[in-house]
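Bear in mind that the values in this text are calculations on the coordinates, not laboratory data. Note that this is a predicted model, so its numbers are computed, not measured.
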Amino acid sequence: MKIAIVAGSRPPKNLISEIKNADYVIGVDRGSYFLIKLGVTPDLAIGDLDSVNHKELKLIKNNSKAVREFPAQKDETDLELAINESIKLNPKTVLIFGATGGRTDHSLTAIYLLKKLLEKNVEAKILDENQEIFLMNKDHSVKKSNYFHYFSIFSLNSDSVVSLTGFKYNLEKKLINAGDSFGVSNEIVDDIARIQIYQGTLLIVRSRDFW
C-alpha cells in the first residue's frame, strides 16, 4: 500500500499525480482543504484544524471520508498524528507532501518523524518541487535522475560509516560525523549508484537548483 500525506502547505502541481495515484490519502489540517480543492477526496482528514476558517472546515467535513479532529493543545504535531495513523495501515510506502517551505521547526520535525517510519521498515520520503528527503540505514541502490542533480548525505543522530560508488565523489568506508557538511552536493554519475552503510543512519537530500 502507498499512502500520501499532505500537510499544511499547498502541494506543487508537478506532484499532484503522485498524490492521486496513492492507495490512501491523508490530509493534515489545511492539507485536507488543499486536497479537496484539487479534486482529491481525503480518506482521512486529521489534526486540530486550526488553520482553516469555518467555511473551509465545513468543506473538509463534508468532503472527507473520515475526519479525526484533535484539540490544539496536544503532545503530537498534526503530522505525527497522520504518520501514526498511516503506520496502523501497514503501508509499504509513505510519501509526505507540503511539509517543507514554511516554518523551519515544522520542517525539521517532519524530517525527524521519518525515523518513526524507518523503524517500521516503511519506505518514506518528504517531497516538494525541488527536493526529496529520506532516511537510510541499509545498503541501497539509487538511479540517476535528470530532475534531481545533487545528492547530499548527512549523519543523523550518530556518526556513520559509508561507502559510495557511482558518484562524482566516491567514498570508501568514510566516517561522517553528525554535524559534518562533508557529504553536501555530491552527484550521481553512473546510471545506478550504490550506497553501503556500515554504521549509523543517513539523511539523504536529493535536490536541484531552483533560482
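Run a plain Debye calculation on the chain (Cα atoms as equal point scatterers, no solvent) and give log10 I(q)/I(0) at q = 0.08, 0.13, 0.19 Å⁻¹, rounded to two decimals, same order as the q list. Treating every Cα as an identical point scatterer, log10 I(q)/I(0) equals -0.29, -0.74, -1.34. Our coupling estimate for the range 47-55, obtained by passing each phi through the Karplus curve with A = 6.51, B = -1.76, C = 1.60 and θ = phi - 60°, is x, 7, 6, 8, 9, 10, 7, 4, 5 Hz, Gly and Pro reported as x.
Projected onto their three principal axes, the Cα atoms of the range 12-130 cover extents of 38, 33, 28 Å, largest first.
Note on the range 48-118: Kirkwood radius taken over Cα pairs, Stokes-Einstein applied at 4 °C and 1.567 mPa s, translational D equal to 94 µm² s⁻¹. Straightening the chain between Lys138 and Thr165 buys 8.2 nm, computed as 0.36 nm per residue apart minus the Cα-Cα spacing. The convex hull of the Cα atoms of the range 136-207, projected and averaged over all directions, covers 3.9 nm².
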